[in-house]
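The values are calculated or read from the model by the stated rules, or taken from the named source; none is laboratory data. Only a predicted model underlies this, so the values are computations on that prediction, with no experimental measurement involved. A quick note on method: Cβ atoms are made from the backbone with ideal geometry, for glycine too, and the neighbour counts reach across all protein chains shown.
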Amino acid sequence: MSAELAEPASKIELPAHIGGGGEIPTFNITLRVRRYNPEVSEEPVWEDHQLTMYGTDRVLDALHKIKWEIDGSLSFRRSCAHGVCGSDAMRINGRNRLACKTLLKDLDTSKPITVEPIKGLPVEKDLIVDMEPFFQSFREVMPFLINKGHEPTKERLQSVEDRERFDDTTKCILCAACTSSCPVFWTDGQYFGPAAIVNAHRFIFDSRDDAGDMRLEILNDKEGVWRCRTTFNCSEACPRGIQVTQAIAEVKQAILARKI
Amino acid sequence: MSTDIQNPRSGKIAPQYRRGTGSKGNFEMFAWLFMRLSGVVLVVLIFGHLFVNLLVGEGIHAIDFGFVAGKWADPFWQFWDLAMLWLAMLHGTNGVRTIINDYAEKDATRFWLKVVLYAASFVIIVLGTLVIFTFNPCPVVNGVQLPGGFCPAP
């Protein structure tokens, strides 16, 4: 071996007064998590955890810290942890958000941060809810391309303007933050919900799709778009910034234009 | 203690979320449309009503029994008040109907609240309509003219 290897940069010890330029600040938080375990108790309970977190940490990191270092029985869904898969929608400080997109430093860390499962769907354990009613409504609007023409040999071409028409509603990641923030959905769970309507909108206004009328007929149901009370909870909750209430209004107008 | 926990992804929908087979018809659509249209018309009717009653001429000091009697002698104001009564009652009834639909948790509660609502609305609409059309400011009871300064002397 050659005699003297240069020491890697990271190993060089800096005097104390120089260090800290890139240091990430830490702070203490109280995370108040809604715990529910049907095998132990029928009643959900709040559980507080004191944690020391970094300025770059998200609510998901705090949940990970609890699960990995303090209490492994804490249950929640998450897959990609980067705001794309839509698994970790939860009610944080009373608002529906993705735990992986909410930075702790943006919340009020002087008070306990509350984390609850999204409302309106049956809780299975801790922060996990039964998403089946949500996906059933999604399936009912037939969220797939239906084209009655001949199958083209190449891709189906579409003008930029036609694509732009439904661009906003293509962003949906099916996290259920909108549907579970809707007070109409909370009462009886019968309403189709904003997410199903957004995904119907994505195909109703797609120039390549031929089943718009069928989808409009489905959403003309008494539990369809007419139950929307335009409270805008869904638009505020959407982690992708979709103008959900506007999409619902456009579907309402499309139904009216077709009937009258 | 044993709790029955279903397999995940069993595809089963909790019963309270199951939707009945879709009701055909466009009632909810027309109800929605009626709310918007009647709302616009009511803004005109109500502010017109307030303007004529409270601001024109002597304004609020002119309002008495005779003022109302004078207004209802004119078919224009009869029609105006009738339209206001019907639109406001139907608009309000439909609004409360949607609130009951949204907030009543049990089907029986929902049904009985709506029965009360429809009965009350029906009585008020019928009574109001009768008053507007059969209003007589100078009734004669048992052959005696009731007093009223504005009534023609018998």
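When you look at B:LYS114, is it charged (D, E, K, R), more than 30 Å from A:TRP186 (Cβ to Cβ) and part of a helix (DSSP H, G or I), yes or no? Taking the combined requirement at face value, the residue does not satisfy it.
Every residue in region A:220-260 that is on the phi > 0 side of the Ramachandran plot and either acidic (Asp, Glu) or in contact (Cβ under 8 Å) with a residue 24 or more places away in the chain (or both), please. Before you say what the answer is, go through the steps one by one.
Filtering region A:220-260 for residues on the phi > 0 side of the Ramachandran plot gives A:230, A:232, A:241.
Hit for region A:220-260 is A:GLY241, nothing else.
In this structure, does A:ASP210 turn out to be farther than 30 Å from B:PRO15 by Cβ and not assigned by TED's automatic domain parsing to the domain that holds A:THR102?
Details: farther than 30 Å from B:PRO15 by Cβ: yes; not assigned by TED's automatic domain parsing to the domain that holds A:THR102: yes.
For A:ASP210, the condition - farther than 30 Å from B:PRO15 by Cβ and not assigned by TED's automatic domain parsing to the domain that holds A:THR102 - is met.
Here's a check for you: in region A:174-192, which residue that is polar (S, T, N, Q) and at the interface with chain B (Cβ under 9 Å from one of its Cβ atoms) is surrounded by the fewest Cβ atoms within 10 Å (Cβ to Cβ)? My answer is A:THR187. In summary, B:THR21 fulfils each of the numbered conditions (1) more than 14 Å from chain A (Cβ to nearest Cβ); (2) of a type in the set (Ser, Thr, Tyr); (3) assigned to a loop (DSSP other than H, G, I, E, B) with the single exception of condition (1). Residues in region B:58-73 include at least one that is in a loop (DSSP other than H, G, I, E, B) and over 23 Å from B:THR134 (Cα atoms). Scanning region A:175-219 for residues that are β-branched (Val, Ile, Thr) and either without any contact (Cβ under 8 Å) to a residue 40 or more places away in the chain or more than 27 Å from A:HIS82 (Cβ to Cβ) (or both) returns A:VAL184, A:THR187, A:ILE204, A:ILE218. For A:ARG229, the conditions (1) surrounded by fewer than 16 Cβ atoms within 10 Å (Cβ to Cβ); (2) away from every other protein chain (no Cβ under 11 Å); (3) not hydrophobic (A, V, I, L, M, F, W, C) all hold with the exception of (2).
For region A:50-60, which positions are surrounded by fewer than 19 Cβ atoms within 10 Å (Cβ to Cβ) and either in contact (Cβ under 8 Å) with a residue 24 or more places away in the chain or not in a strand (DSSP E or B) (or both)? Break it down stepwise before answering.
Keep residues of region A:50-60 that are surrounded by fewer than 19 Cβ atoms within 10 Å (Cβ to Cβ), which gives A:50, A:52, A:54-56.
Answer for region A:50-60, where residues must be surrounded by fewer than 19 Cβ atoms within 10 Å (Cβ to Cβ) and either in contact (Cβ under 8 Å) with a residue 24 or more places away in the chain or not in a strand (DSSP E or B) (or both): A:THR52, A:TYR54, A:GLY55, A:THR56.
Out of the residues in region B:96-117 meeting the condition of being touching a helix residue (DSSP H, G or I) at 6+ places or on another chain (Cβ under 9 Å) and loosely packed, with under 13 Cβ neighbours inside 10 Å, tell me which one is nearest to the other protein chains (Cβ to nearest Cβ). Show your work before the answer.
Filtering region B:96-117 for residues touching a helix residue (DSSP H, G or I) at 6+ places or on another chain (Cβ under 9 Å) gives B:96-98, B:100-105, B:109-110, B:113-114, B:117.
If we keep only those that are loosely packed, with under 13 Cβ neighbours inside 10 Å as well, we get B:105, B:109.
Numbers: B:GLU105: 7, B:THR109: 12 Å.
Restricting to residues being touching a helix residue (DSSP H, G or I) at 6+ places or on another chain (Cβ under 9 Å) and loosely packed, with under 13 Cβ neighbours inside 10 Å, the top hit is B:GLU105.
Here A:LEU157 qualifies as assigned to a loop (DSSP other than H, G, I, E, B) and not assigned by TED's automatic domain parsing to the domain that holds A:ASN233.
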